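J.: First, the structure itself, so that you have it in front of you.
The values are calculated or read from the model by the stated rules, or taken from the named source; none is laboratory data. Keep in mind that this is a model prediction, so the values were computed, not measured. Here Cβ is always computed from backbone atoms with ideal geometry, including for glycine, and neighbour counts include all displayed protein chains. The area values use the complete protein model at the heavy-atom level, side chains included, leaving out ligands, DNA and RNA. Shrake-Rupley method; radii C 1.70, N 1.55, O 1.52, S 1.80 Å.
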Amino acid sequence: MSEENWIEVGSTDSIEEEDLIRFDHQDKTFCVYRLTDGFYATDGICTHESVHLEDGLVMDDEIECPMHQGIFNIKSGEALSPPACEDLKTYPVKVDNDKIFIKID
Amino acid sequence: MKNNIIILGGGQAGIYAAREIRQNDSKSNIKILGEENLLPYERPPLSKDFLLDKKKEEDLCFHSSDVLNNENIEFENISINKVDFENKKLFAKNGDVYSYDSLLISTGSENKKLSLDNNLKNDVYYLRNLEEAKKIKEIVSNKNKITIIGGGFIGLEIASSLSQLQKKVIVIEIGNQLMGRTIPKKIADLVQNTHIEHGNEIILNKQIEKITKKNGNYEILLNDNSIIETDFIIAGIGSTPTVKLFENTNLKLDNGIVTNQFCETSIKDVYAAGDVSNFYHPFYERNMRLESYQHAQNHGICAGKNIAGVKTEYTSIPWMWSDQFNLNLQLTGICDEYDEIIERGDDINNGVIYFFLKNNKIRGACGVGTIGKVGRDIRITSKLTEKDTIVDKQILSDQNQKLNKLIQK
C-alpha cells in the first residue's frame, strides 16, 4: 500500500474520548472514533439504512445508529444488534505528531 | 433433559426466542409454527422501503434457512385451530397434532377492521403482512387519489410512502391530533406540518358515516356531511392481540395474554411474548402491552432464556420509532405518568424532544427530527430512565449541552 493512502483526518484533540467525528473524503463518509485505548475508523453510513453514524451514540467499543439502534463493534465492524445485520467496514488508523490518519483502500 | 419446545407464531418474538433457547439448550427440539409461508421477517419496511421499492421480499427475513438449519430450529407453515393445555397438545386444521413440554405463544396482533357493509368488505385494505403489502403496492400503481383512514403510525407511514410515489393522499383521523394514543400533541403537530408541506391532506376530528362505491371509485361521507372522492382506501385503525384460539381455555386473558416479568402465563410451561402479551414490567410496576420491533425482539429473547431455565426478568425500557418523509420519530419509556414536562430544542431540523418526568426522574421521552437528530439523545434517555437517575433539568433543556454528561459511570 502506498503512502498516499494515509489521509489526514485532523488533530487528536479534535475528538473527545468516547466520541467520534465525521470525515468526508472523495464522496465517501467515514467516522473516526476516540476510545479509551486509541483511535479507530469505520464507514460513516449505517449498513441498514443510509443514515450517518456521526449522530450515533458511542458507548465502550460500540457505535449505535441513531435511527433504528443497530449496533456495531467499532474495532471489528461486526453488526451486533438488529436491525443491522451487515458488518460495517473498518479502516486502519495511525497517529503521527498528534495528527490522525486513516488508510483508505 | 431433551424437551419438545413449540413456538406458536412465526414473527420476530418467535424467532428470537428460538435462537435464545438454542444458545442455552443444545438438546431440545425447537419448532416454530407459523401461519405465513415465509421464515420470520421484518415488518417495519412493509409500509416504507418495500412500498417504495427500496427493499425487496428477499431482504426482509431476519435469518436464512441456513441459520435455522445450523441451529437445528424447525419452521413449519401450519395453522393451529385448537389448543389442549391440559394434555399439552396443539391441533392443526389439517388434523396434525403437536405435543409440547414447553409452549411459547407469540401469535402477535391483528388489525382492527372497520364495520362495513358486506359489499365493501373487500374494498378496504389493511397492511400487516407481506401479502397485504404486495397487494397494496400492486394496486396503488394504478391509482392516484388514496384515502387513509386512521392517523396512527401505520397510516402516516403509508401516507408518507404514497406521497413519495407522487400520489394524492388524504388522511382521515377521528381524534383531534395524529398518533394520539402515544405521542404528545406538540410532536404530532410537527409531523402533521411535514405531511401538509409534502401535499398530503390531513382531516382531524371527523368520523366516517358511509362509504359508497361509484363507477369503480368511492365516496366517503363524513359526519360533517362533507364528501371525499377517492380511488382507493387503506385503513390503519389499531390492532388487537391475536388470542381467539385461547378464548375458551383456562389461559388468563386481559388485553392479551397476561404474563409476569418472566414471560410466564397463568398456565405452567406456557409462556407468551411480543405483541400478544400483556406483561408485568417491574420497573414501571404495572402491566403493559407493546407493539414494537425492539419489544418483540427483546421479549422473545427473555422468554427464550426463561424457557431454557435461565430465570430472567424482563426489564427492557420500551422504545419505538416511526419514519415519515425525512423525519425520524422516537419514543422511549412511558409518557403518560408525569408531573413535569421538559422541552429540548425547538427546530425540527435539529430535533425536538419532550421529556416526561416524575419526582425529577425521567419516565419517558418522545422526540422527532430530521433523520439522525434525536436518536442519540433518546438512547441516552433510555439509559437514564433504566438507571432511575435524578436528572439535571438545565442540561436536559439545553440542546448545546450533551446528554452524555448525565450518565453516571
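J.: Each residue of segment A:48-60 in order: what ³J(HN,Hα) in whole Hz does its phi give by Karplus 6.51 cos²θ - 1.76 cosθ + 1.60, θ = phi - 60°, with x for Gly and Pro?
T.: Along segment A:48-60, the couplings run 7, 9, 6, 10, 6, 6, 4, 8, x, 9, 9, 9, 6 Hz.
J.: Here is a follow-up. I'd like the Karplus ³J(HN,Hα) series for segment A:92-105: coefficients 6.51, -1.76, 1.60, θ = phi - 60°, whole numbers in Hz, and an x wherever there's a Gly or Pro.
T.: Running phi through 6.51 cos²θ - 1.76 cosθ + 1.60 with θ = phi - 60° gives x, 10, 9, 10, 9, 6, 6, 10, 9, 10, 10, 9, 9, 4 Hz.
J.: Assuming R0 = 60 Å, can you tell me the calculated FRET efficiency for the pair residue B:176 and residue B:84, based on Cβ-Cβ distance, to the nearest 0.05? Mind showing how you got there, number by number?
T.: On the way: r = 47 Å, r/R0 = 0.79.
My answer for the efficiency is 0.80.
J.: Could you pull out every residue, at least 5 positions away or on a different chain, whose amide H is within less than 5 Å of the one on residue B:110? Hs are placed 1.01 Å off N in the peptide plane, and Pro or chain starts have none.
T.: Result for residue B:110 returns B:240, B:242.
J.: Under 5 Å between amide H atoms, partner at least 5 residues away or on a different chain: which partners does residue B:324 have, H built in plane at 1.01 Å?
T.: Amide H to amide H, under 5 Å and 5 or more residues apart or across chains, residue B:324 pairs with B:329.
J.: So, one more: Charges only on Cβ, +1 for Lys and Arg, -1 for Asp and Glu: so what's the dipole of the protein assembly as shown about the Cα centre, in debye to the nearest 20?
T.: Working: 60 positive and 80 negative charges, 341 e Å.
Rounded to the nearest 20 debye, it is 1640 debye.
J.: Give a residue-ordered list of calculated ³J(HN,Hα) values for segment B:55-64 (Karplus: 6.51 cos²θ - 1.76 cosθ + 1.60, θ = phi - 60°; whole Hz; x for Gly, Pro).
T.: Using θ = phi - 60°, the values come out as 10, 9, 3, 5, 7, 8, 5, 5, 9, 7 Hz.
J.: Just to be sure I understand the model, the point goes 7 Å from the Cα along the line to the Cβ. What's the resulting residue B:58 to residue B:142 distance in nm?
T.: Between residue B:58 and residue B:142, the label points sit 2.8 nm apart.
J.: Which residue, B:45, B:241, B:282, has the most motion in a Gaussian network model of chain B that connects Cα atoms within less than 10 Å?
T.: Maximum fluctuation in the GNM of chain B, among the listed residues, is at B:282.
J.: Would you kindly state how much longer the chain becomes between residue A:94 and residue A:60 on full extension, computed as 0.36 nm times their sequence separation minus their alpha carbon distance, in nm to one decimal? List each step's numbers first, then the result.
T.: Working: separation 34, 0.36 × 34 = 12.24 nm, distance 2.00 nm.
Computed gain between residue A:94 and residue A:60 is 10.2 nm.
J.: How much of the accessible area of the protein assembly as shown, in percent, comes from carbon and sulfur atoms when a 1.4 Å probe is used?
T.: Working: 9650 of 23300 Å².
Ligands and nucleic acids excluded, carbon and sulfur reach 41 percent.
J.: Label points 7 Å out from Cα along the Cβ direction at residue B:23 and residue B:315: separation in nm?
T.: 1.7
J.: How much accessible area does residue B:163 have with a 1.4 Å probe, in Å² rounded to the nearest 10?
T.: Accessible surface of residue B:163 is approximately 20 Å².
J.: Placing +1 at every Lys and Arg Cβ and -1 at every Asp and Glu Cβ, with all other atoms neutral, what dipole size does segment B:326-406 have around its Cα centre, in debye to the nearest 20? Could you put the intermediate results ahead of the total?
T.: Numbers: 12 positive and 12 negative charges, 80 e Å.
The calculation lands at about 380 debye.
J.: Towards the positive end of the charge dipole of chain A, with charges on Cβ (+1 Lys, Arg; -1 Asp, Glu), say which of A:101, A:36, A:69 has the farthest Cα.
T.: A:101
J.: How much accessible area is lost when chains A and B come together, counting both sides, with a 1.4 Å probe, in Å² rounded to the nearest 100? Present the calculation step by step, with values, prior to reporting the outcome.
T.: Values: alone 5940 and 19190 Å², together 23300 Å².
For chain A against chain B, roughly 1800 Å² becomes buried.
J.: Quick check: net charge around residue B:177, other residues with Cβ under 11 Å of its Cβ, Lys/Arg +1 and Asp/Glu -1? All intermediate terms of the calculation are to be shown ahead of the outcome.
T.: Working: positive: B:181, B:185, B:186; negative: B:173, B:189.
Here the count lands on +1.
J.: Dipole of chain B, Cα-centred, from +1 at each Lys and Arg C-beta and -1 at each Asp and Glu C-beta, to the nearest 20 debye? Write down the numbers at each step before the final one.
T.: On the way: 52 positive and 55 negative charges, 74 e Å.
The calculation lands at about 360 debye.
J.: Separate question: Could you tell me which residue out of B:360, B:349, B:384 lies farthest along the dipole of segment B:326-406 toward its positive end? Charges go on the beta carbon: Lys and Arg +1, Asp and Glu -1, centred on the Cα centre.
T.: So the residue we want is B:384.
J.: Would you please state which residues of segment B:311-338 a label at residue B:359 would reach in this model, taking the label point 7 Å out along Cα→Cβ and a backbone N cut-off of under 11 Å?
T.: Counting only backbone N, you get no residues.
J.: What percent of all Cα-Cα pairs in segment B:113-235 falls in each 10 Å bin, counting up from 0?
T.: Over segment B:113-235, the share of Cα pairs per 10 Å bin runs 13, 47, 35, 5, 0 percent.
J.: If amide hydrogens are placed 1.01 Å from N in the peptide plane, which non-local residues have theirs closer than 5 Å to the one on residue B:259?
T.: Long-range HN contacts for residue B:259: B:278, B:279, B:280.
J.: Evaluate the distance, in nm, between pseudo-label points positioned 7 Å from the Cα of residue A:105 and of residue B:397 along their respective Cα→Cβ axes.
T.: 5.0
J.: Still on this structure: What does the charge count near residue A:75 come to, summing +1 for each Lys or Arg and -1 for each Asp or Glu among other residues with Cβ under 10 Å from its Cβ?
T.: Details: positive: none; negative: A:37, A:61, A:62, A:78.
So the environment of residue A:75 carries a net charge of -4.
J.: Continuing with the same structure: Where only protein heavy atoms count, and the probe is 1.4 Å, what is the accessible area per residue for the protein assembly as shown in Å²? Could the numbers behind the result be given before it?
T.: Numbers: 23300 Å² over 514 residues.
Ligands and nucleic acids excluded, the figure is 45 Å² per residue.
J.: Can I ask one more? To one decimal place, what Kirkwood hydrodynamic radius in Å is obtained for chain A from all pairs of distinct Cα atoms?
T.: Answer for chain A: a Kirkwood hydrodynamic radius of 13.6 Å.
J.: Sticking with this structure for a sec: In the neighborhood of residue B:77, defined by Cβ-to-Cβ distances under 9 Å, what is the net charge if each Lys or Arg adds +1 and each Asp or Glu adds -1?
T.: -3
J.: How do A:48, B:299 rank by accessible surface area computed with a 1.4 Å probe, from largest to smallest? Display every interim value, and only then the final one.
T.: Details: A:48 35, B:299 0 Å².
I get A:48, B:299, largest accessible area first.
J.: Which whole number gives the average, over all residues in B:314-321, of C-beta atoms from other chains lying within 10 Å of the residue C-beta? Walk me through the intermediate numbers first.
T.: Values: counts 0, 0, 0, 0, 0, 2, 0, 3.
Average per residue, whole number: 1.
J.: Between segment B:81-140 and segment A:4-24, how far is it from one alpha carbon centroid to the other, in angstrom?
T.: Value for the Cα centre distance between the two parts: 52 Å.
J.: Residues of B:326-332, mean number of Cβ from any other protein chain within 10 Å of their own Cβ, rounded to a whole number? Please report the intermediate quantities before stating the final value.
T.: On the way: counts 0, 0, 5, 0, 4, 0, 0.
Mean number of neighbouring Cβ atoms from other chains: 1.
J.: Ordering B:20, B:138 from largest to smallest accessible area (1.4 angstrom probe), what's the sequence?
T.: On the way: B:20 30, B:138 130 Å².
Listed by decreasing accessible area, they come as B:138, B:20.
J.: So, in Å, what gap is there between the alpha-carbon centers of segment A:90-105 and segment B:262-287?
T.: Going from one Cα centre to the other spans 50 Å.
J.: Every cysteine in the protein assembly as shown with no other Cys Cβ under 4.7 Å from its Cβ, please list them in numeric order.
T.: Cysteines lacking a close Cβ partner in the protein assembly as shown: A:31, A:85, B:61, B:263, B:302, B:335, B:366.
J.: Next question, about the same structure. What residues from segment B:15-42 fall in the zone where the backbone N is under 13 Å from a label point 7 Å along the Cα-to-C-beta line of residue B:134?
T.: Answer for segment B:15-42: B:36-39.
J.: When Cβ neighbours within 10 Å are restricted to other protein chains, what is their mean count per residue of peptide A:45-55?
T.: Working: counts 0, 1, 0, 0, 8, 2, 5, 2, 1, 2, 10.
Per residue, the average neighbour count from other chains is 3.
J.: Cα centroids of segment B:8-39 and segment B:323-381: how far apart, whole angstrom?
T.: Segment B:8-39 and segment B:323-381 have Cα centres spaced 34 Å from each other.
J.: Return the FRET efficiency for the residue pair residue B:248, residue B:209: r is the Cβ-Cβ distance, R0 is 30 Å, and the value is rounded to the nearest 0.05.
T.: Values: r = 36 Å, r/R0 = 1.20.
Given R0 = 30 Å and the Cβ-Cβ separation, E is 0.25.
J.: Remind me, what semi-axes does the protein assembly as shown give for its equivalent ellipsoid, largest first in whole Å, using sqrt of 5 times each Cα gyration tensor eigenvalue? Walk me through the numbers on the way to the answer.
T.: On the way: eigenvalues 281, 198, 111 Å².
Largest first, the protein assembly as shown gives 37, 31, 24 Å.
J.: Moving to a separate point now. By accessible area of protein heavy atoms, probe 1.4 Å, what ranking do A:40, B:218 get, highest first?
T.: Values: A:40 55, B:218 25 Å².
Most to least solvent-accessible, the answer reads A:40, B:218.
J.: If R₀ is 45 angstrom, what is the calculated FRET efficiency for the pair residue B:123 and residue A:13, using the beta carbon separation as r and rounding to 0.05?
T.: Values: r = 64 Å, r/R0 = 1.43.
The computed FRET efficiency comes out at 0.10.
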